[in-house]
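Sending over a structure as structure tokens; questions will come in a sec.
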Amino acid sequence: MSEVIVELKNITKRFGSFLANDNLSLSIKKGEIHALLGENGAGKSTLMNILYGLVSPTSGEIFLHGKKVEIKNSLQAISLGIGMVHQHFMLIETFTVTENIVLGRETSRYGLLLDLPQAEHAIQKISAEFGPAVNPRAKISEISVGMQQRVEIIKALYHQAEILILDEPTAVLTPLEIEEFGKIIKRLSSLGKTIIIITHKLKEIKALADRCTIICKGKLVDTVEVAQTSEQELAYKMVGRKVEFKFNKTPPSSQKKILSLQNIVALNKRGLPALQNLSIELYTGEILGIAGIDGNGQSELAEILTGLRAIESGKIEKNGEDITNKSPANLFLKKISSIPEDRQKRGLVLDFSVAENMILQTHHLPPFSRLGFLQKDQIEKHALQLIERFDVRPPQADGLTSALSGGNQQKVIIARELSHDPDILIAVQPTRGLDVGAIEYVHRALIALRSQGKAILLISLELDEIINLSDKIAVIFDGKIVANMDALDADEKKIGLLMAGGSLHA
Ligand SMILES: Nc1ncnc2c1ncn2[C@@H]1O[C@H](COP(=O)(O)OP(=O)(O)OP(=O)(O)O)[C@@H](O)[C@H]1O
Ligand SMILES: [Mg+2]
């Protein structure tokens, strides 16, 4: 397993004056699972986009099987045996699985003679090798995110990829899907495929990878043998300091009921029951974690609390005041803030600057607006303060939000929402896609908010996060709360069982 299959030599990439990749060199061995680790904005996606021909390097060289290559676009990368599954999938929702997979093959010598039945057959054959089969005729919009990812992987294999790049493949998967995914990756590796995987999850690196390369601010830090390192050491290398994975919290003080949801019934976007008689009570000074498998009503729960979805029946009260079916603006005035599930669709306007995104709900208020005029200086000052406090990189108030890395986009939302000094924070997947250093930061921020006596409803698919942060845990299954417990009595096994609809007294 010692043959070097890919060699990146002295890769540098500048975006304007910003150095995203700074003289990076890296070699990947044939058949290995090689992890790329680095803080948000470290330049991981950029480096892999260069290998896949999507971004052209400012300088540097790429060698494949010892031969120098120039990869000008992704079609060329595919023809060289490189496949990539992106951080945000690139499938067309209204097309079938097969149509998506054969797309991009138009340049093959068969030209327009696309033989769909034969393609379907080939896809079935590839998919059968890797666990639950994908239906080649299903529309992308009809299949789960986990299945969509499998389609992306099958697509790469269909195009004969020998080297597979996976950019944060598990960020969007449920715990069960992550397990399946791990098996697929191991199997591919045993078949001789070379895998490069970008991930923020140290546990996953330990479980899957042979070697790990750590990048910091565009520069190479080290390449290590995973078996000979620990999660702590990996975190230390990437962040340059010790990272706390667990916090000691003082017991909650001033406990007063601040939010109550009584017998809530709500429908999902397809008009089917999503919340079925759900009741929750939230107290000041506590974090209530909602644990559950994706799709059991979490999104709708967040939506009814932020005014994005009306309930059919039931009652929502804040401090005894009825706030059922109030508008988002109204709930904002009631000091309920939220970190939304989908940062790009709901949390940010990507075409706006960072400074503009930081005043989305408050732009019409002083000091940002006076006599109907936006106060540019004040807006910029406000943004720069938040950028510093939340370590948004690069630290520019006037840069477009779309140019930030995923993790830094998330920091912009969190900075904005916490700056409103909310009584209640609805935090949905607040650390999705964040690096361990940033996760530690966000967790600290949430705990600090709690210590000020504020109430936090934490909705997360990450069990570790729920168990580490929460004072109380409620398990949601099929639109109902099926268990309530003190976090001190909780463990992963117990909650996992309840999340899957099981019972503790079977
Ligand atoms: N097209 C672009 N124009 C300007 N800057 C860019 C562009 N693409 C990336 N950058 C910048 O380059 C840096 C590296 O981005 P990249 O997406 O490679 O980070 P990453 O390591 O993948 O981070 P994350 O873990 O958050 O996904 C970021 O600071 C980003 O803002
Ligand atoms: Mg990235």
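The values are calculated or read from the model by the stated rules, or taken from the named source; none is laboratory data. These figures come from a predicted structure and were not determined experimentally. Here the Cβ is made from the backbone with ideal geometry for all residues, glycine too, and neighbour counts use every protein chain on show.
Out of the strands (runs of 3 or more DSSP E) lying entirely within segment 183-302, which hold 3 or more residues that are surrounded by 19 or more Cβ atoms within 10 Å (Cβ to Cβ)? If you could, list the steps in order and put the result at the bottom.
Numbers: elements: 194-198, 211-216, 219-225, 257-267, 273-283, 287-291.
The strands (runs of 3 or more DSSP E) meeting that bar are 194-198, 211-216, 257-267, 273-283, 287-291.
If you don't mind, there's one more thing I want to ask. Say we look at segment 342-379 and pick out the residues that are of a type in the set (Ser, Thr, Tyr) and within 28 Å of the chain's Cα centre (by Cα); which of these is modelled with the highest pLDDT? I'd like the intermediate steps shown before the answer.
Kept after step one, since they are of a type in the set (Ser, Thr, Tyr), are these residues of segment 342-379: 353, 362, 369.
Applying the additional criterion that residues be within 28 Å of the chain's Cα centre (by Cα) yields 353, 362.
Details: Ser353: 94, Thr362: 84.
So the residue we want is Ser353.
Can you name every residue in segment 407-438 that is within 23 Å of Leu350 (Cβ to Cβ), within 16 Å of ligand 2 (Cβ to nearest atom) and not charged (D, E, K, R)?
Residues satisfying the conditions are Gly407, Asn408, Gln409, Gln410, Val412, Thr431, Gly433, Leu434, Ala438.
Per-residue answers, yes or no, for (1) out of contact with any Phe, Trp or Tyr (no Cβ under 8 Å at 6 or more places or on another chain); (2) away from ligand 1 (no atom under 13 Å from the Cβ); (3) touching a residue at least 24 places away in the same chain (Cβ under 8 Å):
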{"site": "Gly399", "(1), (2), (3)": "yes, no, yes"}
{"site": "Ala403", "(1), (2), (3)": "no, no, yes"}
{"site": "Gly406", "(1), (2), (3)": "yes, no, yes"}
{"site": "Ile424", "(1), (2), (3)": "yes, yes, yes"}
{"site": "Gly433", "(1), (2), (3)": "yes, no, yes"}
{"site": "Val442", "(1), (2), (3)": "yes, yes, yes"}
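Just to verify a result, which residue in segment 1-56, among those that are part of a loop (DSSP other than H, G, I, E, B) and of a type in the set (S, T, N, Q), is nearest to ligand 1 (Cβ to nearest atom)?
Filtering segment 1-56 for residues part of a loop (DSSP other than H, G, I, E, B) gives 1-3, 16-17, 30-32, 39-43, 52-56.
Applying the additional criterion that residues be of a type in the set (S, T, N, Q) yields 2, 17, 40, 56.
Values: Ser2: 28, Ser17: 10, Asn40: 3, Ser56: 12 Å.
Per the criteria, the residue is Asn40.
Sort out which residues of segment 360-389 are away from ligand 1 (no atom under 14 Å from the Cβ) and within 28 Å of Ala20 (Cα to Cα), and write them in order of number. Walk me through it before giving the result.
In the first step, residues of segment 360-389 are kept if they are away from ligand 1 (no atom under 14 Å from the Cβ); the result is 360-386, 388-389.
Scanning segment 360-389 gives Ile379, Glu380, Lys381, His382, Ala383, Leu384, Gln385, Leu386, Glu388, Arg389.
If you don't mind, another one. For segment 326-342, how many residues meet the condition of being assigned to a loop (DSSP other than H, G, I, E, B) and either over 26 Å from Pro273 (Cα atoms) or touching a Lys or Arg at 6+ places or on another chain (Cβ under 9 Å) (or both)? Steps first, please.
Applying the first criterion (assigned to a loop (DSSP other than H, G, I, E, B)) to segment 326-342 yields 326-327, 334-335, 340-342.
Still in the list and also either over 26 Å from Pro273 (Cα atoms) or touching a Lys or Arg at 6+ places or on another chain (Cβ under 9 Å) (or both): 326, 334-335, 340-341.
The qualifying residues number 5.
Take the residues in segment 380-391 that are modelled with pLDDT of 90 or more and crowded, with 19+ Cβ neighbours inside 10 Å; name whichever of them is farthest from ligand 2 (Cβ to nearest atom).
Filtering first and then ranking leaves His382.
Follow-up. Leu446 - would you say it is buried (at least 22 other Cβ atoms within 10 Å of the Cβ) and either assigned by TED's automatic domain parsing to the domain that holds Val349 or within 16 Å of ligand 2 (Cβ to nearest atom) (or both)?
Details: buried (at least 22 other Cβ atoms within 10 Å of the Cβ): yes; either assigned by TED's automatic domain parsing to the domain that holds Val349 or within 16 Å of ligand 2 (Cβ to nearest atom) (or both): no.
Against the criterion (buried (at least 22 other Cβ atoms within 10 Å of the Cβ) and either assigned by TED's automatic domain parsing to the domain that holds Val349 or within 16 Å of ligand 2 (Cβ to nearest atom) (or both)), Leu446 does not qualify.
Hey, another quick one. Specify the residue that is farthest from ligand 2 (Cβ to nearest atom); the eligible residues are those in segment 5-43 that are at pLDDT 95 or above and of a type in the set (D, E, K, R).
Once the filter is applied, the top-ranked residue is Lys30.
In segment 1-31, which residues are in contact with a helix residue (DSSP H, G or I) (Cβ under 8 Å, 6 or more places away or on another chain) and surrounded by fewer than 19 Cβ atoms within 10 Å (Cβ to Cβ)? Give the derivation first.
First pass over segment 1-31, keeping only residues in contact with a helix residue (DSSP H, G or I) (Cβ under 8 Å, 6 or more places away or on another chain): 6, 8, 11, 13, 15, 20-21, 24, 26, 31.
Across segment 1-31, the qualifying residues are Phe15, Leu26.
With the structure loaded, tell me whether Gly433 is modelled with pLDDT under 90 and either more than 25 Å from Asn330 (Cβ to Cβ) or not assigned by TED's automatic domain parsing to the domain that holds Phe15 (or both) or whether it fails that test.
Numbers: modelled with pLDDT under 90: yes; either more than 25 Å from Asn330 (Cβ to Cβ) or not assigned by TED's automatic domain parsing to the domain that holds Phe15 (or both): yes.
When the stated conditions are applied, Gly433 passes them.
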